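First up is the structure itself, then whatever we jot down about it.
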Amino acid sequence: MNLQSLEHKVAIVTGAGRGIGRAIALACAEAGAAVGCAARSLSEIADTVGTIGERGGKAIAVQTDVTDPAAVQHLIDTVAGSFGGLDILVINAGISPGRHPVENSDAEHWQEVLNVNLFGAYHCARAAIPYLKQRGAGKIITVGSGMGHRGKPGSSAYSCSKAGLWMLTRVLAQELWDYNISVNELVPGPVDTRMNTAPDGLSSFGDSEWIKGPEEVTQLALFLAAQPDRGPSAQSFSLMRRDG
Ligand SMILES: NC(=O)c1ccc[n+]([C@@H]2O[C@H](COP(=O)([O-])OP(=O)(O)OC[C@H]3O[C@@H](n4cnc5c(N)ncnc54)[C@H](OP(=O)(O)O)[C@@H]3O)[C@@H](O)[C@H]2O)c1
């Protein structure tokens, strides 16, 4: 396999304060990348950065609400300015509302989910692309969901946001192929994080699913980040065990 080392690479991980994003940020740093860690909770991303530092890696925390385009621009400028460019963007920040049939759903809440999971991703990609182009190559990894690929009752906001993210992934992949920038979706399947703390959270997946810890998602993230400049793009890579 002709995987690239992440030594001398610069990565940004959104939602790096906990859960899957924290695990991916730690793994990228362990693999040699300098990492910009973003989320709204400064104490959580500072903790991620502290852990990376203790392990000998390089990272900075930039408090960011991904729904705010100016804050996202500040994030990307700050990380690229601090580490001399940008190679890898992991679009991971996300929220999941409870389950509500459309008929009983709250329109403001619906919009908020789209704002974070889809518009947030758009803001991040839009601000990062000029820096990735400057490098002559790059990787964008979107953290999607199986819910973006199929309809499940009560999941309209989350599923529509992730379906939109999957389409954004494919459109970006077409727009950026000529610049050696590959764009792929990582579908983690059920992961034991704060997102799944609702009473029926992980248990609703049943025994047939692979319920994993955040660190079990990192190998696939690193695999995608380390692909050659001309590698898979517009693809979805899933850690789900079943299709339903
Ligand atoms: N856990 C699963 O089973 C699962 C399955 C499939 C897909 N996913 C996806 O994986 C991603 C990570 O989820 P997780 O399970 O690790 O959830 P999590 O533990 O709740 O972490 C979510 C992260 O996103 C950040 N975030 C939320 N809203 C933000 C905003 N407006 N601006 C910036 N950062 C924001 C959070 O920090 P702040 O709140 O401090 O901002 C936190 O760091 C999400 O996109 C989720 O949809 C998760």
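The values are calculated or read from the model by the stated rules, or taken from the named source; none is laboratory data. What you see is a predicted model, and the numbers here were worked out from it, not measured in a lab. Note that we place each Cβ from the backbone using ideal geometry, even for glycine, and neighbour counts take in every protein chain shown. Surface accessibility is based on the protein's heavy atoms, side chains included, excluding ligands, DNA and RNA. Shrake-Rupley method; radii C 1.70, N 1.55, O 1.52, S 1.80 Å.
Before moving on, here are some points about what is shown:
- Selection count where residues are aliphatic (A, V, I, L, M), in contact with a strand residue (DSSP E or B) (Cβ under 7 Å, 6 or more places away or on another chain) and over 12 Å from Gly189 (Cβ atoms), scope region 218-243: 4
- One residue stands out in region 133-148 among those that are in contact with a Lys or Arg (Cβ under 8 Å, 6 or more places away or on another chain) and part of a helix (DSSP H, G or I): the one that is modelled with the lowest pLDDT, namely Met147.
- When region 27-40 is filtered for residues that are within 13 Å of the ligand (Cβ to nearest atom) and crowded, with 24+ Cβ neighbours inside 10 Å, the ones remaining, listed by number, are Gly36, Cys37, Ala38, Ala39.
Listed here are the residues, each with its yes/no results for (1) touching a helix residue (DSSP H, G or I) at 6+ places or on another chain (Cβ under 9 Å); (2) free of Cβ contacts under 8 Å to residues at least 12 places away in the same chain; (3) within 13 Å of the ligand (Cβ to nearest atom); (4) open to solvent by 20 Å² or more (accessible area, probe 1.4 Å).
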residue: Asp178; (1), (2), (3), (4): no, yes, no, yes
residue: Leu186; (1), (2), (3), (4): yes, no, yes, no
residue: Phe223; (1), (2), (3), (4): no, no, no, yes
residue: Ser238; (1), (2), (3), (4): yes, no, yes, yes
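- Between Pro130, Pro97, the distinction of being surrounded by fewer than 16 Cβ atoms within 10 Å (Cβ to Cβ) and either within 16 Å of the ligand (Cβ to nearest atom) or of a type outside the set (A, V, I, L, M) (or both) belongs to Pro130 only.
- The residue of region 188-203 that is surrounded by the most Cβ atoms within 10 Å (Cβ to Cβ), among those that are of a type in the set (S, T, N, Q) and within 11 Å of the ligand (Cβ to nearest atom), is Thr193.
- Residue among Gly151, Gly231 that alone is open to solvent by less than 40 Å² (accessible area, probe 1.4 Å) and either of a type outside the set (A, V, I, L, M, F, W, C) or assigned to a strand (DSSP E or B) (or both): Gly231
- For region 204-221, residues that are more than 15 Å from the ligand (Cβ to nearest atom) and under 15 Å from the mean Cα position of the chain (by Cα) total 1.
- Among the residues of region 111-127, those identified as open to solvent by less than 10 Å² (accessible area, probe 1.4 Å) and either under 22 Å from Met240 (Cα atoms) or within 13 Å of the ligand (Cβ to nearest atom) (or both) are Val113, Asn117, Gly120, Ala121, Cys124.
- In this structure, Val10 does satisfy being away from the ligand (no atom under 14 Å from the Cβ), closer than 24 Å to Pro69 by Cβ and surrounded by 23 or more Cβ atoms within 10 Å (Cβ to Cβ).
- Taking the criterion of being within 9 Å of the ligand (Cβ to nearest atom) and small (Gly, Ala, Ser), the only residue of region 44-79 that qualifies is Ala71.
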